[in-house]
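Worksheet for the structure shown next.
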Amino acid sequence: MFTSSRNNGNPPPSAVSAVGLRKSYGDKTVLDGIDLRIPAGSVFALLGPNGAGKTTAVKILSTLISADGGEAQVAGHDIAASPDGVRAAIGVTGQFSAVDGLITGEENMLLMADLHHLSRGEGRRVTAELLERFDLTDAAKKPASTYSGGMRRRLDIAMTLVGDPRIIFLDEPTTGLDPRSRHNMWQIIRELVSGGVTVFLTTQYLEEADELADRIAVLNDGKIAAEGTAEELKRLIPGGHVRLRFSDPDAYRHASGALTEATRDDEALTLQLPSDGTQRELRSILDWLDSAGVEADELTVHTPDLDDVFFALTGPADVPAQHAQTKENVR
């Protein structure tokens with residue numbers, strides 16, 4: 001998993017913090033008192049089923065809508081008392097592209113430069129630099145309507161960067177992109193963070209959060225169901241195991257007779273042992289096999305992944321875009 005650079009010594013200051021953030025629409029409570037603390041220069045991912053409140057949280061923190069309760073600071077500015085200060089420090093890329101397809105990519109960029117009150121010369125300089133950075137120079141003079149989905153997303157983020165924001169909110173930025181475009185977007189996000197930008201990411205691609213995020217929160221029924229690093233969240237969920245496969249039936253029978261807690265598969269000659277995957281547990285199993293003179297042909301370790309975490313915390317009703325894949329390390 002990608003981890004951004006850290007300051008030695010004291011922890012970095014909070015780029016975003018919130019306490020007791022609430023929002024309702026009629027009798028529907030969307031956010032029910034959530035707390036957040038996002039260190040500067042990191043990637044924070046907010047996961048949750050459709051309708052969990054992810055976009056509402058982004059809209060509140062980016063001052064697009066007001067909260068019903070609680071308080072929050074973004075880039076050191078109170079979202080209620082100093083919304084202009086927040087807006088000057090952030091960039092927002094929503095679920096739906098803000099690109100105007102009727103004009104060229106370059107014209108979209110120049111329009112953003114005008115909105116940020118850049119001089120004509122400065123606007124053209126920033127536009128040229130960002131178009132080159134996002135590999136859009138060759139397409140700059142073409143109507144944005146002719147761009148592929150990945151190109152439009154890259155242009156969308158380039159437009160967000162015209163104002164040189166310190167904090168960027170990316171609301172499901174890779175939805176609908178093909179795998180190559182998604183990986184290109186991941187690289188862009190990594191480069192932004194390596195340059196000191198803080199990224200607040202909402203996504204339904206669990207692999208995306210696992211790849212990019214320093215910390216992850218799972219939002220469900222308006223509350224933060226769990227928060228931590230990807231590894232910390234995975235350790236919350238039971239179901240880890242070690243699988244031993246044998247080709248020698250005698251070795252299999254010997255092992256299964258001794259390892260009585262194992263789940264047997266007599267046809268496949270495999271044993272499955274509950275395990276948290278720690279080095280100590282693996283060493284204990286290997287030491288027992290050596291002392292017993294039993295040789296397993298294959299040892300594989302399965303630990304719960306973010307799919308397991310998502311389903312355990314939110315229930316199976318809303319399947320995320322990234323379907324579960326068994327992740328096993330083969331020894």
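When residues in segment 204-232 are screened for being at pLDDT below 90 and touching a helix residue (DSSP H, G or I) at 6+ places or on another chain (Cβ under 6 Å), 1 of them pass. Take D287 and decide whether it is within 21 Å of the chain's Cα centre (by Cα) and modelled with pLDDT of 50 or more. Here the answer is no, as D287 does not meet what is asked.
Of the residues making up segment 169-188, just one is in contact with a helix residue (DSSP H, G or I) (Cβ under 6 Å, 6 or more places away or on another chain) and within 23 Å of G123 (Cα to Cα), namely F169. In segment 202-293, counting only strands (runs of 3 or more DSSP E) that sit wholly within it, the ones holding 1 or more residues that are touching a residue at least 40 places away in the same chain (Cβ under 8 Å) span 215-220, 223-228, 241-245.
Filtering segment 76-100 to residues that are β-branched (V, I, T) and either in a helix (DSSP H, G or I) or surrounded by fewer than 16 Cβ atoms within 10 Å (Cβ to Cβ) (or both) leaves only V86. Being assigned to a helix (DSSP H, G or I), of a type outside the set (K, R) and surrounded by 14 or more Cβ atoms within 10 Å (Cβ to Cβ) narrows it down to one of T175, T160, so name that one. Checking each option against the conditions leaves just T160. For G70, indicate whether it is more than 26 Å from R190 (Cβ to Cβ), in contact with a strand residue (DSSP E or B) (Cβ under 9 Å, 6 or more places away or on another chain) and free of Cβ contacts under 8 Å to residues at least 60 places away in the same chain. Yes; evaluated as a whole, the condition is true for this residue. Of all residues in segment 241-282, those satisfying the criterion of being modelled with pLDDT of 85 or more and loosely packed, with under 13 Cβ neighbours inside 10 Å are S247, P249, D250, D266, E267, A268.
Of the residues making up segment 47-58, not a single one is touching a helix residue (DSSP H, G or I) at 6+ places or on another chain (Cβ under 7 Å) and either of a type in the set (V, I, T) or not assigned by TED's automatic domain parsing to the domain that holds E227 (or both).
Output yes when any residue across segment 168-175 is in the same structural domain as L31 (by TED's automatic domain parsing), in contact with a Phe, Trp or Tyr (Cβ under 7 Å, 6 or more places away or on another chain) and modelled with pLDDT under 90, and no when none is. Within segment 168-175 (the criterion being in the same structural domain as L31 (by TED's automatic domain parsing), in contact with a Phe, Trp or Tyr (Cβ under 7 Å, 6 or more places away or on another chain) and modelled with pLDDT under 90), the answer is yes, since at least one residue qualifies. Against the criterion of being of a type in the set (V, I, T), under 25 Å from A226 (Cα atoms) and either buried (at least 17 other Cβ atoms within 10 Å of the Cβ) or modelled with pLDDT of 95 or more (or both), I103 does not qualify. Do the conditions hold for S145, that is, is it exposed (fewer than 13 other Cβ atoms within 10 Å of the Cβ) and assigned to a helix (DSSP H, G or I)? It is true that S145 is exposed (fewer than 13 other Cβ atoms within 10 Å of the Cβ) and assigned to a helix (DSSP H, G or I). For segment 183-201, the set of residues classified as farther than 16 Å from A45 by Cα, of a type outside the set (S, T, N, Q) and touching a residue at least 24 places away in the same chain (Cβ under 8 Å) consists of G196 only. Among the residues of segment 178-201, not one is surrounded by 24 or more Cβ atoms within 10 Å (Cβ to Cβ) and farther than 17 Å from L161 by Cβ.
If you take the residues of segment 5-51 that are among the polar types (S, T, N, Q), surrounded by fewer than 20 Cβ atoms within 10 Å (Cβ to Cβ) and not in a strand (DSSP E or B), which of them is modelled with the highest pLDDT? Once the filter is applied, the top-ranked residue is N50.
The values are calculated or read from the model by the stated rules, or taken from the named source; none is laboratory data. Remember, it's a predicted structure, so these values are computed and weren't measured experimentally. A quick note on method: Cβ atoms are made from the backbone with ideal geometry, for glycine too, and the neighbour counts reach across all protein chains shown.
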